[in-house]
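Trainee: Just passing along the structure, written as structure tokens.
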């Protein structure tokens, strides 16, 4: 039951926001009593924290699985992007804004965890891309990784963007294109163009 609560809560939080969703909403969605939720989680903050950890773990496993499938570096990034497309497919707004505003401890923990996972994946991806001749050899890998992470996170900045259906997915695709163009060789650009053609919404 705890696993079910975590999965459904994470889905609802991402769709409707962390502030607006109540424990009653989650209980009603699951068809259980609020008392059942409190059996596993002492308060909403704990549920938010654990549901996000659950999502993070699921994403990490999905990313590792993709990295084991033998894609080239650019294909790999687009396949990973699809994982996030599914995650935010029903989101009309950026849930990260509410998380940062109302649950700052959880937000800071999530950002630290995300950057560790992100950095490890991108460093390996860039190394692979250089060896495949898809990325330039002269790039500053550590700096490029930080630039890319900052761009991805900027997608969730409500001061920069207005959101409607699929805004987050479209922005993330633009960020991926921007990042890839910045570091690719001519060979890499050709593969990028192929991937963009396949990802037209």
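A short reminder: the numbers here are calculations on the coordinates, not readings from a lab. Bear in mind that the values here come from a model prediction, so they are computed numbers and not experimental data. Don't worry about glycine lacking a Cβ; one is built from the backbone with ideal geometry, like all the others, and counts go over all protein chains shown.
Trainee: By how many degrees, between 0 and 90 and to the nearest 10, does the Cα long axis of helix 167-183 differ from the longest principal axis of the chain?
Mentor: It works out to around 30 degrees.
Trainee: Residue separation times 0.36 nm, minus the C-alpha to C-alpha distance between residue 82 and residue 193: what's the value?
Mentor: 38.3 nm
Trainee: Where is the GNM fluctuation largest for the chain (alpha-carbon springs, 10 angstrom cutoff): 47, 30, 14?
Mentor: 30
Trainee: Report the residues of region 27-41 in range of a label on residue 2: point 7 Å along Cα→C-beta, backbone N strictly under 17 Å from it.
Mentor: Output list for this probe position: 35-41.
Trainee: By average Cβ neighbour count within 10 Å, what is the ranking of 32-42, 126-136 from highest down?
Mentor: Packing order, densest peptide first, comes out as 126-136, 32-42.
Trainee: Listing 113, 24 from the residue with the fewest other Cβ atoms within 10 Å to the one with the most, what is the order?
Mentor: Least crowded to most crowded, the residues run 24, 113.
Trainee: Shifting gears a bit: Go ahead and run the numbers for FRET between residue 61 and residue 113, Cβ-Cβ distance against an R0 of 22 Å, rounding to 0.05.
Mentor: 0.95
Trainee: For the chain, what does the helix formula give at 222 nm: sum of -39500 (n - 2.57) over DSSP H segments with n ≥ 4, over the residue count, nearest 500 deg cm²/dmol?
Mentor: So the calculated ellipticity at 222 nm is -24000 deg cm²/dmol.
Trainee: Cα centroids of region 22-87 and region 112-143: how far apart, whole angstrom?
Mentor: With region 22-87 and region 112-143 each reduced to a Cα centre, they are spaced 25 Å.
Trainee: Turning to a different aspect of this structure: Got the relative contact order for the chain handy, in percent, Cα pairs under 8 Å and 6 or more residues apart?
Mentor: Value for the chain: 25 percent.
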